[in-house]
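Undergrad: Take a look at this one; I'll ask things after.
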Ligand SMILES: [Zn+2]
């Protein structure tokens, strides 16, 4: 079996991997809960919300805000799922750009980070930082 540079097993201890996995699962659960509450709110209470925010906008405005939030949460969810898959594949915590290990401190702050701080900074300096750092280059925010 070919040795992959930066195999997560050589970089992180099993305890650390377990810690990150726990953090990811927790985060996933809270996002799933938010998505659920958003979707049930938009189904049942958009009329009420519209009355409360009558001077701000219409039901359309509220629906759009909810959809935007749901899109964001779904993106986060996809990133978390990808991180969990990479744990299973043994490639977790490896920068997708330079294949070096992402620092433990960075992963603790953001367990689904996909780039090391150097590559993240480089991207921002190149003007790519206006997107969420960990999104791929697909124009997921094209509706903005
Ligand atoms: Zn990197």
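The values are calculated or read from the model by the stated rules, or taken from the named source; none is laboratory data. For clarity, every value in this text was computed on a predicted model and none was experimentally measured. We place every Cβ from the backbone using ideal geometry, glycine too, and count neighbours over all the protein chains shown.
Undergrad: For residues in the stretch 111-122 being within 16 Å of the ligand (Cβ to nearest atom) and buried (at least 17 other Cβ atoms within 10 Å of the Cβ), which is farthest from the chain's Cα centre (by Cα)? Spell out the reasoning first.
TA: Within the stretch 111-122, the first condition is being within 16 Å of the ligand (Cβ to nearest atom), and the residues that meet it are 112-122.
Add one more test, that the residue is buried (at least 17 other Cβ atoms within 10 Å of the Cβ), and what stays is 112-116, 119-120.
Values: 112: 6, 113: 8, 114: 10, 115: 12, 116: 15, 119: 17, 120: 15 Å.
Only one residue tops the list, namely 119.
Undergrad: Does residue 100 satisfy the condition of being over 21 Å from residue 32 (Cβ atoms) and surrounded by 15 or more Cβ atoms within 10 Å (Cβ to Cβ)? Walk me through it before giving the result.
TA: Numbers: over 21 Å from residue 32 (Cβ atoms): yes; surrounded by 15 or more Cβ atoms within 10 Å (Cβ to Cβ): yes.
Yes.
Undergrad: To continue, here is another question. Among the residues of the stretch 79-101, write down those that are closer than 16 Å to residue 23 by Cα and either within 13 Å of the ligand (Cβ to nearest atom) or in a loop (DSSP other than H, G, I, E, B) (or both). Steps first, please.
TA: To start, the set of residues in the stretch 79-101 that are closer than 16 Å to residue 23 by Cα comprises 79-88, 92-93.
If the condition is that a residue be closer than 16 Å to residue 23 by Cα and either within 13 Å of the ligand (Cβ to nearest atom) or in a loop (DSSP other than H, G, I, E, B) (or both), then 92, 93 are the ones that fit.
Undergrad: Does residue 132 satisfy the criteria of being at pLDDT below 75, over 30 Å from residue 16 (Cβ atoms), away from the ligand (no atom under 16 Å from the Cβ) and assigned to a loop (DSSP other than H, G, I, E, B)? Let's see the steps before the verdict.
TA: Details: at pLDDT below 75: yes; over 30 Å from residue 16 (Cβ atoms): no; away from the ligand (no atom under 16 Å from the Cβ): yes; assigned to a loop (DSSP other than H, G, I, E, B): yes.
No, not satisfied.
Undergrad: Separate question: Check whether at least one residue in the stretch 64-71 is touching a helix residue (DSSP H, G or I) at 6+ places or on another chain (Cβ under 8 Å), modelled with pLDDT of 90 or more, exposed (fewer than 15 other Cβ atoms within 10 Å of the Cβ) and within 30 Å of residue 19 (Cβ to Cβ), and report yes or no.
TA: no
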